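Notes follow once the structure below has been shown.
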Amino acid sequence: MEKTAQHRSILILCLLGVYFLFSCSTEQIEEQPARMCKSKKEAYPILIQYLELQGNTYVLNINKENAYREGVPTIFYDSIKIEVQNTNDVIQKLKDSQDTELILLDPKDEILKGHQKDLLWGTTKSMSIYGSLTTFGQEEAFVYSLWAPMGTKGLSFSCRANAAFTPIFTCKTYSSGTWRGVTSVGFMGGTVEIPVPLYVSNDYVGASFQTSDSNGGSAYYRGYDSNRP
């Protein structure tokens with residue numbers, strides 16, 4: 001009888017073990033995403049949904065476990081999180097800078113609007129002054145001898161980066177012997193509109209563009225004659 005009881009106990013333990021193993025295996029299978037991102041670029045649209053602006057800091061409000069469940073491998077998650085931290089480090093340095101105005105956009109607002117044009121200054125009017133600046137890294141691109149017709153208030157830059165998740169853009173105008181700059185943050189390759197005032201019109205002016213994206217970016221600039229709201 002004792003042996004029979006022992007056999008029953010062993011059998012029950014074995015069955016429980018098999019049950020728990022099966023449950024764990026099923027749980028792991030359920031947690032596996034249907035498709036894993038094969039590049040950081042594929043991970044951007046997933047993680048951008050969790051990017052938030054809190055004060056003067058951008059926060060990726062998802063942990064790596066949940067990101068993995070949504071198809072983002074840990075290596076991409078860690079790389080993007082470092083990039084967001086690097087962006088925040090630059091923001092901290094620029095907060096009190098006298099050389100450039102800092103404008104931080106809320107990614108939630110940008111996603112809802114679906115585009116990032118004319119967010120800061122309302123509608124801008126294209127004038128006869130226009131062109132583009134391109135970089136292949138983090139260098140600064142310049143253009144001089146641009147004729148700003150009478151009434152030109154400034155240049156509006158439509159900026160794009162080539163690869164960064166949270167690229168930083170610095171756009172400048174040169175007029176009356178002085179540079180004036182505005183810095184802003186973009187998101188996952190979208191276009192950010194950055195208007196920069198001019199001190200004078202009816203004169204020759206200059207412009208410059210720079211991005212933190214190590215792969216470079218571009219900016220299309222055009223003159224505007226509307227007033228800042």
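The numbers here are math on the coordinates, done by the rules we state, and not lab data. Keep in mind that this is a model prediction, so the values were computed, not measured. Cβ atoms come from the backbone with ideal geometry, glycine included; neighbour counts cover every protein chain shown.
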Seminar exercise, completed: Extension length gain for Glu52 and Asp109 (0.36 nm per residue less Cα distance), in nm, is 19.5 nm
Problem set entry | Prolate/oblate/rounded label for the range 179-229 (Cα gyration tensor, a/c 1.5) | prolate
For this session: Would you please name the GluC sites (Glu not before Pro) within the range 135-229 that are DSSP coil residues with at most 11 other C-beta atoms within 10 Å of their C-beta?
Result: Glu139
Problem set entry | Using a Förster distance of 25 Å, the FRET efficiency for Asp99-Glu42 (Cβ separation, nearest 0.05) | 0.10
Exercise. What FRET efficiency, computed as 1/(1 + (r/R0)^6) with R0 = 25 Å and r the Cβ-Cβ distance, is obtained for Tyr204 and Trp179, rounded to the nearest 0.05?
Worked result: 0.95
